[in-house]
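Asker: Before I ask anything, here is the structure I am working with.
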Amino acid sequence: MTMSVKAISNNNLPLKVYVAAGHKQYCQIYSITLGRERHVSESSGLRHRSMNGAPPNTNLQPNSHNQERKIVFHVEPLKQVQIDFSPKEPWGKVVRISPNCKLLASGGDDSNVRIWSFPDLSKVHEFTTHDKEIDDIDFSPDSLKVASISKDRRAIIWDIKKGKKHAELGWEPANNLKYMYKRIKFGCVEGDCKKYKVYTISNPIGSSKAKAYLHKWNSQSYTVENFVASQQGIVFSALAVSDNGNFVATGTMMEGIVEIFASFNLSLLRRVTNSHSTFITGLEFLPTSEESAPCRGFSDASVVSISVDHQVCIHHVPRLNTISSFWALLLIVAVLFATFTLCSYLGL
């Protein structure tokens, strides 16, 4: 089963969330609305101690009613569509909702990448270049491109507006080793959805001692800008990029390791070992806006990891120590004053 979630925010309407859930060869769309309801319940009849002159062991308000406010989720199933047509055993492996919530991409065992209008699910494009099952799909931040990787060891960027292949990623591994792309993600640059990079994780084929790689790709030339190699024998299973594009996280296949990098130079910010007892199946960053800072514990970034060990973990990147503008200005004034005083004393 695969799932993609997008939230629609409007100050005048309740928060609405769209969920695209893949199950076997189908994709089902759900609309989830967050609301509040008031429930009137009768008094529980509990007895209280003496209060305000009332005798003990009596109900303060024998026939009173209490109002309770509850947060509720209203789930409404919308349309369903078949997303995989493999003749033997059709199986949809991945669905993604575009950032502008106008498109949905799907891929599965039949090797075709399909683009659908959202949420009415009318087919817009069908790309048939891959010849093996699709492993991952992602939309660019501006919703104009979509990337796909397959077990045919190819990573392709598609132009949605033109409806054709835009570029293909490629690199030359050392020692003539063979690699397969495991995950692919777009990431914006400094929060600008019109500027973005592409990130992939790749694992070696047929070698237990070779290193796996995290690559950062230029989105104009689609060449490698930077890369990070794993420790020997460790392979990747999950990849995530923060919504502001500043952080990249990877998860490993067997060791339960989560690593968080700064996206601009792929420097390692945090490495969490033994976060899970077995391979990590998914990673996702929490929103990085100031409004969501309490959810992150006021850290710079937080990534959630899930695993087949049935555990959900959260990992934080602590905020860097900074100095307030007031103290910075005061320090500058003090340095200037000391400089002029020294110059005056020396007669300069």
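The values are calculated or read from the model by the stated rules, or taken from the named source; none is laboratory data. From a predicted model like this one, the values you see are computed outputs, not experimental measurements. Neighbour counts are summed over all protein chains in view; Cβ atoms, including those assigned to glycine, are modelled from backbone coordinates with ideal geometry. Accessible surface areas use protein heavy atoms only, side chains included; no ligands, DNA or RNA. Shrake-Rupley method; radii C 1.70, N 1.55, O 1.52, S 1.80 Å.
Asker: Find which of W327, N175, I156 sits farthest along the positive direction of the dipole of the chain, computed with +1 on the beta-carbon of Lys and Arg, -1 on that of Asp and Glu, about the Cα centre.
Answerer: I156
Asker: Further, regarding this structure: May I ask you to order 15-21, 298-304 by the average number of other C-beta atoms within 10 Å around their residues, highest value first?
Answerer: 298-304, 15-21
Asker: Quick check: pseudo-label points 7 Å beyond the Cα along Cα→Cβ at L330 and R36, how many nm apart are they?
Answerer: 4.1
Asker: What whole-number value in Å² describes the accessible area per residue of the chain for a 1.4 Å probe?
Answerer: On the way: 20260 Å² over 348 residues.
Per residue, the chain has 58 Å² of solvent-accessible surface.
Asker: For the range 262-348, state which trypsin sites (Lys or Arg not before Pro) are in a DSSP loop and have at most 13 other beta carbons lying within 10 Å of their beta carbon.
Answerer: Values: sites: R270, R271, R296, R319; in loops: R319.
For trypsin sites (Lys or Arg not before Pro) across the range 262-348 that sit outside H, G, I, E and B with at most 13 neighbouring Cβ atoms in 10 Å, the list reads R319.
Asker: Hey, got the dipole for the range 75-210? About the Cα centre, +1 on K and R Cβ, -1 on D and E Cβ, debye to the nearest 20?
Answerer: Details: 24 positive and 19 negative charges, 64 e Å.
Computed about the Cα centre, the dipole is about 300 debye.
Asker: In deg cm²/dmol, rounded to 500, what helix-only [θ] at 222 nm does the chain give when every DSSP H run of at least 4 residues adds -39500 (n - 2.57) and the total is split over its residues?
Answerer: Computed mean residue ellipticity for the chain: -2000 deg cm²/dmol.
Asker: Any idea which of S122, L266, T341 is furthest toward the positive side of the dipole for the chain, if Lys and Arg beta-carbons carry +1 and Asp and Glu beta-carbons -1?
Answerer: S122
Asker: Round to the nearest 0.05 the FRET efficiency obtained for A229 and S86 when R0 = 30 Å and r is the Cβ-Cβ distance.
Answerer: According to the calculation, E is roughly 0.30.
Asker: What shape does the chain have by the C-alpha gyration tensor, where a ≥ b ≥ c are the square roots of the eigenvalues, rounded means a/c under 1.5, and otherwise prolate means a/b greater than b/c and oblate the rest?
Answerer: oblate
Asker: State, as an integer percentage, the relative contact order of the range 136-228 based on alpha-carbon contacts under 8 Å between residues 6 or more apart.
Answerer: Normalised by residue count, the contact order of the range 136-228 is 21 percent.
Asker: Considering the options L34, V75, S208, tell which one lies farthest towards the positive end of the dipole of the chain, charges being +1 on Lys and Arg and -1 on Asp and Glu at the Cβ, about the Cα centre.
Answerer: V75
Asker: So, one more: What residue among L331, L266, L169 shows peak mean-square fluctuation when the chain is described by a Gaussian network model with Cα springs under 10 Å?
Answerer: Result: L331 has the largest fluctuation of those listed.
Asker: Additional query: Rounded to the nearest 10 Å², what accessible area does I306 show when all protein chains are kept and the probe is 1.4 Å?
Answerer: The accessible area of I306 comes to roughly 70 Å².
Asker: Also, I was wondering about something else. By average Cβ neighbour count within 10 Å, what is the ranking of 95-104, 333-342, 226-235 from highest down?
Answerer: 95-104, 226-235, 333-342
Asker: May I ask you to derive the FRET efficiency for L346 and Q220 from their Cβ-Cβ distance with R0 = 35 Å, giving the value to the nearest 0.05?
Answerer: 0.05
Asker: Another one. If the only charges are +1 at each Lys and Arg Cβ and -1 at each Asp and Glu Cβ, what is the size of the charge dipole of the chain around the Cα centre, to the nearest 20 debye?
Answerer: Result for the chain is approximately 120 debye, rounded to the nearest 20.
Asker: Something else: Where in the range 218-232 does the label zone of K209 land, with the point 7 angstrom along Cα→C-beta and an amide N cut-off under 18 Å?
Answerer: Flagged as within label range: 230-232.
Asker: Another question, if that's okay. Which value in nm describes the separation of the simple spin-label points at H310 and K194, placed 7 Å from the Cα toward the beta carbon?
Answerer: For the pair H310/K194, the computed spacing is 5.0 nm.
Asker: Oh, and also: For the range 230-348, with all protein chains present and a 1.4 Å probe, just round the carbon and sulfur fraction of the accessible area to a whole percent.
Answerer: Of the solvent-accessible surface of the range 230-348, carbon and sulfur hold 66 percent.
Asker: Evaluate the relative contact order of the chain (contact order divided by residue number), counting alpha-carbon pairs under 8 angstrom at least 6 apart; express in whole percent.
Answerer: It comes to 7 percent, rounded to a whole number.
Asker: Which residues' amide hydrogens lie under 5 Å from the amide hydrogen of G108, considering only partners 5 or more residues apart or on another chain, with H built in the peptide plane?
Answerer: Under 5 Å from the amide H of G108 lie the amide H atoms of K93, I134, each far enough along the sequence or on another chain.
Asker: Taking the Cα centre of the range 171-307 as the origin, how large is its charge dipole in debye, to the nearest 20, when only Lys and Arg (+1) and Asp and Glu (-1) carry charge on their Cβ atoms?
Answerer: Magnitude of the dipole: close to 500 debye.
Asker: Suppose R0 equals 41 Å; then what is the FRET efficiency for E76 and S277 from their Cβ-Cβ distance, rounded to the nearest 0.05?
Answerer: Taking R0 as 41 Å, the efficiency between E76 and S277 is 0.65.
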